[in-house]
Amino acid sequence: MIQSDYMAQAIAAARLGAGLTYRNPLVGAVIVKNDRVLAVGHHVGFGHAHAEVDAYQHVTHPEDVIGSTMYVTLEPCSHYGKTPPCAHQLVRWGVKEVYVAQQDPNPLVGGKGIAYLREHGVQIHVGLMETVARQLNRAYNFYYEYQRPLVTVKVAQSLDGKLSLNDGKRTYLTDMVANADVDHLRATQQAILIGSQTAIDDDPRLLVKERVAYPPVRVLLDRRNRVSHTSRLWQTNEAPLWHFVTGKESTKGIEDKDTRRTFKTSEWSIDKVIQTLSDQGVQSVLVEGGAHIQDAFLRVGLVDQLIIYQVPEIFGGRSLASFASRADSMRMRFTPVTIEKCGNATKMAFIRPSLAADWGLD
Ligand SMILES: NC(=O)c1ccc[n+]([C@@H]2O[C@H](COP(=O)([O-])OP(=O)(O)OC[C@H]3O[C@@H](n4cnc5c(N)ncnc54)[C@H](OP(=O)(O)O)[C@@H]3O)[C@@H](O)[C@H]2O)c1
């Protein structure tokens with residue numbers, strides 16, 4: 001096998017941690033000696049073994065690791081967190097050579113793991129299959145490289161670009177198959193955000209049906225504090241609810257009850273909301289609307305990914321259009337990524353053009 005085959009194996013192993021690593025990245029590792037794979041490992045979950053340690057634990061004879069080569073999708077860590085630093089362990093185990101696909105953008109590591117290995121005589125090569133490995137952790141990379149969460153706006157709309165019939169009732173657009181797809185999309189996010197009017201009109205719970213180790217935080221933008229405490233959002237506590245209201249500054253959040261927190265400031269601009277989520281360590285946000293909230297995100301240039309579920313119906317007339325608001329018209333260009341049939345909808349994904357190269361899509 002050639003080096004990229006071993007790294008491809010490490011990348012495949014990393015994916016086994018999907019949904020379990022929370023704010024930690026997906027990472028895979030393969031230990032090879034004399035062209036034979038000794039063990040494969042992955043980061044098994046937040047607070048649990050890192051990929052390098054998981055691989056080591058799968059080796060039949062630990063002494064075989066002396067003089068081996070390790071292929072790892074992300075730079076081995078160099079700091080004491082929930083587990084001891086992997087870079088130190090690799091040296092202790094006698095690993096001779098390390099191929100790293102991607103340097104860790106987290107400033108806690110940020111090249112220090114690579115430097116430690118080099119200083120301790122380990123031959124180190126950085127960048128093997130980097131573009132592929134980076135796709136494992138788009139939100140994690142984005143968060144550390146842009147110092148804010150990756151924002152995805154999700155829209156369900158009619159053929160004429162309408163969100164709802166505007167008849168005062170919730171308009172159901174997508175069928176069970178498309179809803180399951182949306183549920184999976186939610187499961188991959190660390191926060192789901194809606195505006196107060198959607199909370200009032202639709203009374204959603206914003207919970208994820210799929211089993212997830214860490215359900216996304218539900219973020220409610222409700223400056224005027226209009227959403228009733230009898231709403232389903234308020235009455236469910238299976239996932240945290242963060243309530244953004246206008247008031248005397250407390251952007252660190254006041255613990256309300258169990259999973260509820262209230263964030264207050266005199267003016268909640270979208271930038272400030274995102275900054276606050278960022279300060280709380282949130283790496284990804286799914287904006288689910290409605291129209292005014294979608295438009296507000298677009299206006300401040302905070303739509304990184306746009307996912308549209310378009311159903312084959314026309315609503316016409318005064319129905320509420322997606323991204324509608326009372327502000328002036330504007331144009332913003334996106335790069336198309338995928339288009340597929342999804343239940344009764346056509347699912348279309350777009351990204352901000354500047355992300356295309358990084359996501360290997362140019
Ligand atoms: N088809 C879909 O994908 C979809 C998704 C979601 C919703 N919807 C539909 O959309 C409708 C609601 O949409 P909507 O446009 O009327 O309301 P919305 O966007 O859900 O909520 C608007 C409210 O959000 C609050 N808000 C907080 N910060 C804001 C900011 N920076 N900029 C703008 N608003 C901010 C404002 O109330 P405060 O001033 O009180 O904070 C504002 O009135 C519902 O009928 C719902 O069914 C459809």
It is to be established whether one or more residues within the stretch 332-340 are within 21 Å of Thr171 (Cα to Cα), open to solvent by less than 70 Å² (accessible area, probe 1.4 Å), touching a strand residue (DSSP E or B) at 6+ places or on another chain (Cβ under 7 Å) and at pLDDT 95 or above. no
Given (1) under 29 Å from Met176 (Cβ atoms); (2) open to solvent by 80 Å² or more (accessible area, probe 1.4 Å); (3) near the ligand (Cβ under 10 Å from one of its atoms), identify the lone condition not met by Arg211. (3)
Determine which member of the set Leu302, Leu320, Leu306 is touching a Ser or Thr at 6+ places or on another chain (Cβ under 9 Å) and more than 20 Å from Asp181 (Cα to Cα). Leu320
Please count how many residues of the stretch 136-168 are among the charged types (D, E, K, R), within 14 Å of the ligand (Cβ to nearest atom) and touching a residue at least 12 places away in the same chain (Cβ under 8 Å). 3
Could you check the stretch 300-328 and list, in sequence order, the residues that are open to solvent by 30 Å² or more (accessible area, probe 1.4 Å) and more than 21 Å from Ser164 (Cβ to Cβ)? Val300, Gln305, Asp328
Suppose we filter Ala133, Ala115, Ala178 for residues that are open to solvent by less than 70 Å² (accessible area, probe 1.4 Å), touching a residue at least 40 places away in the same chain (Cβ under 8 Å), away from the ligand (no atom under 13 Å from the Cβ) and assigned to a helix (DSSP H, G or I); which single one remains? Ala133
State yes or no: is Val227 touching a residue at least 24 places away in the same chain (Cβ under 8 Å), hydrophobic (A, V, I, L, M, F, W, C), open to solvent by less than 60 Å² (accessible area, probe 1.4 Å) and more than 27 Å from Tyr22 (Cα to Cα)? yes
Hey, any hits in the stretch 3-17 for a residue that's at positive phi and not hydrophobic (A, V, I, L, M, F, W, C)? no
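Would you mind stating whether Arg232 is of a type outside the set (A, V, I, L, M, F, W, C) and more than 25 Å from Gly343 (Cβ to Cβ)?
Criteria not met by Arg232.
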Pairs please, first residue from the stretch 284-309 and on the phi < 0 side of the Ramachandran plot and more than 8 Å from the ligand (Cβ to nearest atom), second anywhere and open to solvent by less than 10 Å² (accessible area, probe 1.4 Å) and among the polar types (S, T, N, Q), Cβ atoms under 6 Å, 6+ apart in sequence or on different chains. Leu286/Thr152; Gln305/Thr152
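The values are calculated or read from the model by the stated rules, or taken from the named source; none is laboratory data. No experiment lies behind these values; they were computed from the predicted model shown. All Cβ positions, glycine included, derive from the backbone under ideal geometry; neighbour counts span all protein chains shown. The protein model used for the area step is the full one, side chains on, heavy atoms only, and it has no ligands, DNA or RNA in it. Shrake-Rupley method; radii C 1.70, N 1.55, O 1.52, S 1.80 Å.
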